[in-house]
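Q: Sharing a structure here in structure tokens format.
The values are calculated or read from the model by the stated rules, or taken from the named source; none is laboratory data. Everything numeric here is computed off the predicted structure, so don't read it as measured data. Positions of Cβ are backbone-derived with ideal geometry, glycine not excepted, and every protein chain shown enters the neighbour counts. We work out accessible area using only protein heavy atoms, side chains counted, and drop any ligands, DNA or RNA first. Shrake-Rupley method; radii C 1.70, N 1.55, O 1.52, S 1.80 Å.
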Amino acid sequence: MSTDIRVRRVYDNASPGDGARVLVDRVWPRGLRKDAARLDDWAKDVAPSTGLRTWYRHDPAKFGEFRRRYTAELAGPGPREALGRLRALAADGPVTLLTATKDLSLSQAAVLAELLRETS
């Protein structure tokens, strides 16, 4: 069984194929009304720590190290439990991980999607 995990910007319109829509940012996206987000969940516990986020600043040169540090953070008790909830959600159908990040390929959502696909 292939897990259907998608990564999209939270500012994009919801699509019928999105399945469960989960925001994976620690901070609420600027300029977005909560009722306009069409979220099923806001998984703050899987977001990178504030320290890691401010160190990384979406610098492409730091992405490899960001991925390593972020994966290590996800092994902690709170994030690990939240990751388990995402896995359970993915077992029930498509999941779309949402982020405000402009470059999705360099985002925590991309790292999470990769992890969820590998372990499901």
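Q: For the chain, treating each Cα as an identical point scatterer without solvent, what Debye log10 I(q)/I(0) comes out at q = 0.12 1/Å?
A: Log10 of I(q)/I(0), two decimals: -0.39.
Q: Could you work out how much longer the chain between H58 and L32 gets when fully extended? Use 0.36 nm per residue separation minus the Cα distance between them, nm to one decimal.
A: Length gained, H58 through L32: 7.3 nm.
Q: Can I ask one more? Could you state the accessible area per residue of the chain in Å², with a 1.4 Å probe and every protein chain left in place?
A: For the chain, the solvent-accessible area averages 55 Å² per residue.
Q: Additional query: If I compute solvent accessible area with a 1.4 Å probe over the protein chains, what percent of it on the chain is carbon and sulfur?
A: The nonpolar share, carbon plus sulfur, comes to 50 percent.
Q: Dipole size in debye (nearest 20) for region 1-87 around its Cα centre, Lys and Arg Cβ +1, Asp and Glu Cβ -1?
A: 240
Q: Excluding residues fewer than 8 places away in the same chain, name every one of the lysines whose C-alpha is closer than 25 Å to that of K34.
A: Hits, sequence-local ones excluded: K44, K102.
Q: Additional query: Where does the charge balance sit around Y56 when Lys and Arg score +1, Asp and Glu -1, over other residues with C-beta under 15 Å from its C-beta?
A: Here the count lands on +3.
Q: Here is a further query. So which trypsin sites (Lys or Arg not before Pro) in region 6-75 pass both tests, a DSSP loop state and at most 14 other Cβ atoms within 10 Å of the Cβ?
A: Of the trypsin sites (Lys or Arg not before Pro), the ones in loops of region 6-75 whose Cβ has at most 14 other Cβ atoms within 10 Å are R30, R33, R38, R57.
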